[in-house]
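Each remark here refers to the structure printed beneath this line.
Computed from the coordinates by the stated procedures, all read-outs in this text should not be read as laboratory data. The model shown is predicted, which means the values in this text are computed figures rather than measured ones. As a convention, Cβ positions derive from the backbone with ideal geometry for all residues, glycine included, and neighbour counts pool all protein chains shown.
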Amino acid sequence: MKNIMLVGASSSAAQALCKNNKKYNYIKLSRNNQFSDINNFDITDEDTYINLDLKLDGFVYFPGTINLRQFKSLKEKDFQNDFEVNVMGLIRILKYYLNNFNEGSSFVFFSTVAAKIGMPFHTSVSMVKSALNGLCISLSAEYAPKFRFNCISPSLFKSEMSSRFLRNEKYIENLREKNPLKKIGSPNDISSMIDFLLSDQSRWITAQNISVDGGMSNLKL
């Protein structure tokens, strides 16, 4: 059984992965103790990280931010905070655990459709996820053929993080109409792609930024 580390295990996609895929042994880390194997985990504090005596086969980094505001209203600290969560948290935990991974391990990061197409009010989100994309492809080159690294770029999907943007039916319907498939994604849509990238079925896939967005990044209907 593969050992898979989930960072940000309280996320809706992480919960869907754990529920739908019992074939993995999950090591779960989250600031929400209910979904974490250790209490008081803090991605910014290495003293809260769990010490492992087992080898890992996969890794998924879920932490992110949706900071959608006009550029002129964003403060410098907003960009810094988003970068800390999305990029530096990932770098910090990779450096801490990288020696724990078996050869052939698969790493999955989360980007966004907004890093592929221009969207208003997404300057901070697009910036940090674009940096993450660069990190992913560079790590893919540096660690090939030992490890695989891939990104998933979703559009807005139903989750706890996105709930404030899906607060009424009118807004939900508007988002559906803008999507080429006339749908808003679900956590299962995302977790199925994670499962594929963690599995041996994707063993010839690395350095990819895979859109799971109903076609938004490529289609204008």
Flag if Arg92 is surrounded by fewer than 22 Cβ atoms within 10 Å (Cβ to Cβ), over 28 Å from Asp37 (Cα atoms) and touching a residue at least 12 places away in the same chain (Cβ under 8 Å): no
Of residues in region 200-216 being touching a residue at least 12 places away in the same chain (Cβ under 8 Å), closer than 30 Å to Lys2 by Cβ and not aliphatic (A, V, I, L, M), the one surrounded by the fewest Cβ atoms within 10 Å (Cβ to Cβ): Arg203
Number of the exception - Leu221 against (1) in contact with a Leu (Cβ under 9 Å, 6 or more places away or on another chain); (2) over 20 Å from Ser111 (Cα atoms); (3) aliphatic (A, V, I, L, M): (1)
Condition broken by Ser191, with the remaining ones in (1) of a type in the set (Gly, Ala, Ser); (2) surrounded by fewer than 21 Cβ atoms within 10 Å (Cβ to Cβ); (3) touching a residue at least 40 places away in the same chain (Cβ under 8 Å); (4) over 26 Å from Gln80 (Cα atoms) satisfied: (2)
Meets criteria (in contact (Cβ under 8 Å) with a residue 40 or more places away in the chain and either within 29 Å of Ser202 (Cβ to Cβ) or not acidic (Asp, Glu) (or both)) for Phe35: no
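For Leu29, are the conditions met, namely being touching a residue at least 12 places away in the same chain (Cβ under 8 Å) and surrounded by 18 or more Cβ atoms within 10 Å (Cβ to Cβ)?
In short, yes.
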Number of positions in region 143-192 that are part of a loop (DSSP other than H, G, I, E, B) and hydrophobic (A, V, I, L, M, F, W, C): 7
Any hit, region 163-175, residues being in contact (Cβ under 8 Å) with a residue 24 or more places away in the chain and crowded, with 18+ Cβ neighbours inside 10 Å: no
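How many residues are closer than 30 Å to Phe59 by Cβ and part of a loop (DSSP other than H, G, I, E, B) when one looks only at region 193-221?
12
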Filter result (surrounded by fewer than 21 Cβ atoms within 10 Å (Cβ to Cβ), part of a loop (DSSP other than H, G, I, E, B) and touching a residue at least 60 places away in the same chain (Cβ under 8 Å)) within region 99-141: Lys116, Ile117
Among the residues listed as Tyr26, Tyr61, the single one being among the hydroxyl-bearing types (Ser, Thr, Tyr), in contact with a Cys (Cβ under 7 Å, 6 or more places away or on another chain) and closer than 24 Å to Cys151 by Cβ: Tyr26
